[in-house]
Structures are given as C-alpha cells and as structure tokens.
1. So which of A:I24, A:I29, A:I89, A:I63 ends up being under 25 Å from the mean Cα position of the chain (by Cα), β-branched (V, I, T) and within 30 Å of A:P205 (Cα to Cα)?
2. Among the residues of the range B:121-138, write down those that are touching a Leu at 6+ places or on another chain (Cβ under 8 Å) and without any contact (Cβ under 8 Å) to a residue 24 or more places away in the chain.
3. Could you say whether any residue in the range A:263-273 is buried (at least 20 other Cβ atoms within 10 Å of the Cβ) and at pLDDT 90 or above?
4. Would you point out the residue of the range B:305-350, among those that are assigned to a loop (DSSP other than H, G, I, E, B) and among the hydrophobic types (A, V, I, L, M, F, W, C), that is surrounded by the fewest Cβ atoms within 10 Å (Cβ to Cβ)?
5. Against the condition within 14 Å of chain A (Cβ to nearest Cβ) and either surrounded by fewer than 14 Cβ atoms within 10 Å (Cβ to Cβ) or part of a helix (DSSP H, G or I) (or both), how does B:I111 come out, does it pass?
6. Using beta carbons and a limit of 6 Å, which pairs, at least six apart or on different chains, have the first residue in the range B:71-96 and at negative phi and the second one among the acidic types (D, E) and in a loop (DSSP other than H, G, I, E, B)?
7. Being surrounded by 15 or more Cβ atoms within 10 Å (Cβ to Cβ) and within 16 Å of the chain's Cα centre (by Cα) is the filter here, so list the residues in the range B:155-170 that pass it.
8. Inspect the range B:142-155 for any residue being part of a helix (DSSP H, G or I) and more than 14 Å from every other protein chain (Cβ to nearest Cβ) and give the result as yes or no.
Amino acid sequence: MKNNKNYFNFTFYLLVVPVLTWLIFMIVIPHAELLISSFKAEDDMGDMVFSFANYIEFFTQQIYWLTFVKTATYSIAVTLLAFDVAFPIAFYLTKVASKKNASFLILLLLIPLWVGELVTVYGWMVLLGDHGVINHFLMTIGIINEPLNLLYTNFSMVIGLLYMSVLFMVIPIMSSLASLDDSLIEAACDLGASKWIIFTRIIIPYSMPGIISGAIIVFMLVIGDYLAPNLLGGKHSLWFTEQIYNNFLTTFNWNEGAAFGFLLLMLSSCVIWLALKLSGQKLDKVGS
Amino acid sequence: MNNILEIKNLSKHFDDFSAVKNVDFVVEEGGFFSILGSSGCGKTTLLRIIAGFQQESEGDVIIRGQSMKGIPPEKRPVNIVFQNLALFPMMNVRENVAFGLKRQKIKKSVIDSKINEMLERVGLHDYENKKVTDLSGGQRQRVAIARSLVMNPSILLLDEPLGALDRKLREHMKVELKLLQKEIGTTFVYITHDQSEALVMSDKVAVMHDGQFEQIDTPRNLYKNPKTAFVAGFVGDTNRFELQSSTNGSIMTKGGWKLQQPDLNSNANELYIRPEALIINPTNDLIDVDQFNVTIKTILFDGSNTKLSTIVNGSAEELQISLPQNAQFDDITEGSQLKVGIHHNDLKCF
C-alpha cells in the first residue's frame, strides 16, 4: 500500500514539475519583472525610482495612443476579414469536398506556414511592388498607365496579416463544423427555413465555439505581429509592436518598452474578454 | 375515407443498384401506416423521397391529390422526425418547437398559444426552458415529435424514432405514440425494422424487402395470412421447413415429416409453422387438426416467450413450440414425449 502511494507521488511530480517550471520561469517571473520595470523611470539624479512616467508618456504623446487605437481597430478588422475568408473555406472542406480532396486541400493551405512568415511577406512584396507582378500585368494589358501604389500601404499590410493568419481561423471552424450532423440542416429545411435562416440560425450558432477560438488566435497573432506591418506597411503603418521595438532597440528605453508591452497585453485581454461576453461563449468551451 | 398520400410506381436508381423498385401504395387520411423492413431494404430512401430530400427516378408522390414533383422539402405539407431526432442543440425546448412556426408569417401571440398547446399535449410544459441536451431520451423524443406536429403537417413521417431508446422506454413510447396519433388525427407514416413497433401501432403495415413491397395489410392479416414466404419468415417467429414433395393434399418435408394439407399450392417448396399455432395435448374431437408426437429436446425459458425445442417423432425435423407459462404445462420436462396438434389453416406453404 505504502509503495503504491510513493509510486503515485513520483509519477505525479514527474508530470507536474515541468508544467510548474514552465509556468513560473517562462511566464510568471518574466511578466512580473516586466511589470515592475514598467513602473520604473530615471529621476533627476539618474537613479531608477518608482514612477508612472512611462504610462503618462503613453497618454500624453498623441502618436503613441493613436498607434495603439489604430492597432486595435485594424486587428479587429483583420479578424473579421479572416472570418469572411475562412468560413466558406472551412464549410467547403468539411461539408462539400470529398474526404480525399479535403485532406489534399488542407495540405495546400498549410504551405505558407511551412515556408515561414518572412518568405511569404517577401512574396507579397514581389507581387504588390511598383514594378511587381500585379502592376506589370495591369500596365501590359493597358488598364493603367502608371503603377498603382499598392505596397507600403494599409492595404498591403492587411493583405499580409490576413494571409499569415487565416489558416488559424479555418482549422477551429472546421473542427466545429465536422461535428455538425447534416440531419440538423435537413430538419431546419423540413421546418421551412430558407438557406439564409439555416446559415444564420443553425450553422453559425453551432460553429460559434470554433469561430470564437479562431478569432482569438487570429486577433492575438495579428495584434502582436511585427513583420507584416513593418515590411508591407512601410513607414505609415504605425503598428504598436513597432513602438515597443523602438523602445527596446532604438532608444534603449526598456522601462517604457515594458510599459507599452503591458498596455498591449491589457488591450488584447480586454478585447478577447469583450468578444467572449458579446458572443455568449465560455472560455472553457472555446478553449477545448 | 380518402387517400391523403398516393405513391405511384415509384423507383429510385443509384449508380449501381436500385433502392426502391416500382413501389405503389396509398395511405388513408388519419391512418397510421408503417413500412417494415430490415436495414438496407430501401425504406429510408422511400421516406426521404416523400419528404423531398431525394429525387425519385421514376413515378410520383401525390399528397392530397397534388403531385409533389419539383416541390422542395420546405414547401411540402409533410414533416419528418429524424432517426437521430436532429434537435437543435443550441436552443432550448421551446425554441426548438418554435423554430418552424417562426419561419411562417404568423402573429407572435398565435405562435405562442400553438406552442403552449403542443408542449402541454406532449407533457413538456415544465421543461420548456431546459436545454435539449439536458433531457432524457424519452423527453427528447417528444420534443422532436412536438417540433414536427406543431407545423400541423398533412403527413408526419417518422424514421425509426424509437431506435435509440432502451427496451422499457421503447415499449412505453410505442403506446404513447399510438395514443397521440389517435388523439390528434394526423396521418403518420412510420418506418421501422422492429416488427413489434409496426404491429402494435399501425392500422396498415407494408413489408418491404429489397426495394419492393411484399405485402400491405393490417397487422393481424400480415401475421395470420402472410402472402409471401418472406413475410411469413420475417413477421413473427416461425418454424421453416423445406418440402420434398407435395401430392394429393399431403406434404412431406425433407426431414421426412408427413402432414395433411388439403388446399395446397401445388408448386410449394417451403412450409412455415408458427410456434404458437401448435396445440399442446389436443383433444381428439378437433376437426381439421393433424396430430403427432414429438420428443422434447430442451426448454428454452424466456418468460412469456418460452419455447420447447422438439424433434418430430419419426423424422429428423426440429420444431419449436410455444409453451404458455401456466399451471397446465408445469409437468413438461426435457426428454419426455408430447402430443401436439396443428390446424390445416396454420400450415403456410409457399
């Protein structure tokens, strides 16, 4: 009996120790350190003291909070766009395409992930540049005389963000839709529902957990992304991660960088909480 | 009574086989019509064609005298209760029942009173705000039926709705469904592989086999006077014998058992006898009854369904006989001899 208990304890710790180590050393301590350093600033003597200066700086400099608001709105917009693109794909792959075709198509969808974000971003630069594929094509067939200004705009930035994140919306929606029994759709049809009603009252509510978990992943990926806004958005893009980057690596103001990092964390937490509230979903259901 | 549903020469061909072959039948208004068949006989396909989810290859479905050709499922005056019920899991009981009515242009007060009436009728009024996933099997059943019935369909189609329930509940729901149908008077078309469901509930039963109807009859006639060998073997328990010869009103099985059967179908080669048609210890004055002796091999005890497994004396034929559980036959033991009789009409030859 006693041996048995020891054995249980040993396996229990074997499983729990890596989890706790990871949580404490990789999540809790770094964030605590970040939080503490965000409340520190140099005083007139050049010593580090407790201060709200970093946060005050954020609210008093228009450029900072404008960037903040823009990052939030664009992230939400990209998430909504990702849903528009992802839902038909997910629906086609789970309900229309044959099993064999579907797995092949999913493989195709995964290709951009294999080559990495940097390569796909450069790919978009080649496509969208002034002398890029699209402009060259449009000028050759004579639709335009001067190249369209596609690259280094909000448009090219949104395309890039969408391209790298849309798959993370497709997969959770697919797993929701896979468990949707076709007889539910037939039953709704039998009860006189139009296609629109079936879509809005049956299919969408049924796949809501998948939609929300996809939306959370996409939103977090987009709001914390650096490459696409920086390379595709150019000088005008003003993504909040760039401000954080500047603080850490250009002006070497790590304390302000820490404060900005925390503000970004607050922002994404608030938006996700709001999204869960508005859609009536529970975190445990969405997370599964 | 007039016919609410007419199926005319209906066939459904798939690439490599035909699920439904030249099926013809009518259903009377207010009737309870069952289609009985084993899985894969085409009964679900037939039901889906009536509901409009599948297109017939040939023939026509006529409801209240109107052809249903080209009319989509949502416009047909029929509703279907699915095998897995297909309740909407994200809605509560009331929302499920209200779903169909909300699609029509009716006043909200009218909808509300219709739903209340229907929930009251199926005994779910206290559960209207419960999630359907929290209900028991029988309650989910009633939600599915209420959801369809509240649409006031000309015909309610039921696709083996009792299949998922345990035995006790199924027995209970059988009676409940029959009473509900009588009370509201809607025509039910019910498909099942369970002969007891079909026999207990229906006014008329069609036995379907390999895409075709073998016989359409009342439950009693189907049991008493099967028209084909398949029906005789499929409906109820039965003893089946292969015939060696049949001449001059007497028949001989392959196992060497001789019996009298005056009105014999001359090219018959199968004989069916129901276990309960056999009379144990018949008196000698019975008319048209063949009497013979059997040796009891084993008693297969199964409560009210108990049977004797016997060998007919002077032959190799095994014969099962129903044994009523009453004091009269308590002294019957394994290995003993028994006198048994069978009426000529209970010898079914095909």
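The values are calculated or read from the model by the stated rules, or taken from the named source; none is laboratory data. As the structure is a prediction and not an experimental result, all values here were calculated from the model. Here the Cβ positions follow ideal geometry from the backbone for every residue, glycine too, while neighbour counts run over all protein chains shown.
1. On the way: A:I24 fails: within 30 Å of A:P205 (Cα to Cα); A:I29 fails: within 30 Å of A:P205 (Cα to Cα); A:I63 fails: within 30 Å of A:P205 (Cα to Cα).
Only one candidate passes the filter, namely A:I89.
2. Kept after step one, since they are touching a Leu at 6+ places or on another chain (Cβ under 8 Å), are these residues of the range B:121-138: B:121-122, B:125, B:127-128, B:132, B:137-138.
Matches in the range B:121-138: B:H125 only.
3. Of all residues in the range A:263-273, those buried (at least 20 other Cβ atoms within 10 Å of the Cβ) come to A:263.
Then keep just the ones that are at pLDDT 90 or above; that gives A:263.
Checking the range A:263-273: at least one residue is buried (at least 20 other Cβ atoms within 10 Å of the Cβ) and at pLDDT 90 or above.
4. Going through the range B:305-350, the residues assigned to a loop (DSSP other than H, G, I, E, B) turn out to be B:306, B:313-317, B:323-326, B:330-336, B:347, B:350.
Filter once more, keeping what is among the hydrophobic types (A, V, I, L, M, F, W, C): B:316, B:323, B:332, B:347, B:350.
Values: B:A316: 11, B:L323: 22, B:I332: 15, B:L347: 21, B:F350: 19.
Per the stated criteria, the residue is B:A316.
5. Numbers: within 14 Å of chain A (Cβ to nearest Cβ): yes; either surrounded by fewer than 14 Cβ atoms within 10 Å (Cβ to Cβ) or part of a helix (DSSP H, G or I) (or both): yes.
For B:I111, the condition - within 14 Å of chain A (Cβ to nearest Cβ) and either surrounded by fewer than 14 Cβ atoms within 10 Å (Cβ to Cβ) or part of a helix (DSSP H, G or I) (or both) - is met.
6. Going by the 6 Å Cβ cut-off, the qualifying pairs are B:Q83/B:E160; B:V93/B:E128; B:R94/B:E128.
7. Within the range B:155-170, the subset surrounded by 15 or more Cβ atoms within 10 Å (Cβ to Cβ) is B:155-162, B:165, B:169-170.
B:L157, B:L158, B:D159, B:E160, B:P161, B:L162, B:R170, listed by residue number.
8. Looking only at the range B:142-155, we keep the residues that are part of a helix (DSSP H, G or I), and these are B:142-149.
Okay, now just the ones that are also more than 14 Å from every other protein chain (Cβ to nearest Cβ), so B:142.
The answer is yes; a qualifying residue exists.
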